[in-house]
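Presented below is the structure to which this report refers.
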Amino acid sequence: MPVLMVATYGDDGKIDVMNVAWGGICGMDKIALNLAPERKTLKNIKAKEAFTVSLADEAHLAEADFLGTASGNVMSDKFERTGLHAVKSGRVDAPVIEEFPVTLECELAEIRDCFGEQRVVGTIVNVTVDEKFLDERGKVDVKKINPVMFDQFRNAYYNVGEKVGDAWRIGAPFMKK
């Protein structure tokens, strides 16, 4: 699963970031996240109706892991301890973590109870990408990003490997049978 970094502002204006493994794109402009009801991030999303989601990369894996381990309900200086930097999104009331290569800026679309957790669906209103992670055609280059994945079976992180096929083409021969 991709390691998603969800960032919000608290009532006090402090930055809160959590590592979320249970989430992903669920529509052309939607992302869904499953959060436990007691999470500070969930409280912040409900209050601000906004959040950002960044892809964790290998260069910042230790920070990403820490942000998924430490609780914002217990540790008020959680974000500051990482040494990461943030700026306010120009589109939503949420922070953009400068070190992460890709950030989705989201407005809250809905929250629903889902199997004892809260399913948060956001509308993606903007995507920011540092230019150094683009290829010569201006498209995101996943190899430059070096995103990490979470393996729940081994409780381990893995980087994304080599390209192994072209989407919508590698399976095309089966259409001719």
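The values are calculated or read from the model by the stated rules, or taken from the named source; none is laboratory data. Treat the numbers as computed from the prediction; the structure is a model and nothing was measured. As a convention, Cβ positions derive from the backbone with ideal geometry for all residues, glycine included, and neighbour counts pool all protein chains shown. For the accessible areas, the whole protein counts, side chains as well, though only heavy atoms, and no ligand, DNA or RNA atoms are used. Shrake-Rupley method; radii C 1.70, N 1.55, O 1.52, S 1.80 Å.
For this structure, a couple of remarks:
- Flagged links, alpha-carbon separation over 31 Å, of 88/143; 14/139; 30/177; 78/143; 144/177; 30/139: 14/139; 30/177; 144/177
- Under the Karplus curve 6.51 cos²θ - 1.76 cosθ + 1.60, θ = phi - 60°, whole-Hz ³J(HN,Hα) for the range 7-12, x wherever Gly or Pro sits: 10, 9, 9, x, 4, 8
- Estimated FRET transfer efficiency (residue 174, residue 62; beta-carbon r; R0 35 Å; 0.05): 0.25
- Label-to-label distance for residue 166 and residue 26 is 3.3 nm, based on points extended 7 Å past Cα in the beta-carbon direction.
- Longest site-free stretch - the chain; sites: chymotrypsin sites (Phe, Trp or Tyr not before Pro), DSSP loop, at most 14 other Cβ within 10 Å: 1-114
- Unit charges at the beta carbon, dipole of the chain: most positive-side option, 126, 175, 97: 175
- Computed over the alpha carbons of the chain, Rg followed by Dmax gives 16.8, 61 Å.
- Computed label-point distance, nm, for sites residue 69 and residue 144 using a 7 Å Cα→Cβ extension: 3.2 nm
- Residue-count net charge about residue 63 - beta-carbon cut-off 13 Å; Lys, Arg +1, Asp, Glu -1: -4
- In this simple spin-label approximation, residue 152 and residue 129 carry label points 7 Å from Cα along the Cα→Cβ vector, and these lie 2.8 nm apart.
- Segments 14-21, 43-50 sorted - mean Cβ within 10 Å per residue, highest first: 14-21, 43-50
- Looking at the chain, the accessible area is 59 square angstrom per residue; that uses a 1.4 Å probe and ignores ligands, DNA and RNA.
- Of the GluC sites (Glu not before Pro) found in the range 63-157, those that fall in a DSSP loop while having at most 15 other beta-carbon atoms within 10 Å are 98, 136.
- Shown for the range 95-177: the carbon plus sulfur share of the solvent-accessible area, taken with all protein chains present and a 1.4 angstrom probe, equals 53%.
- Cα centre as origin, Lys/Arg/Asp/Glu Cβ charges: the range 63-148 dipole, Debye: 140 debye
- Nearest-0.05 FRET efficiency for residue 114 and residue 11, computed from C-beta distance (R0 22 Å): 0.30
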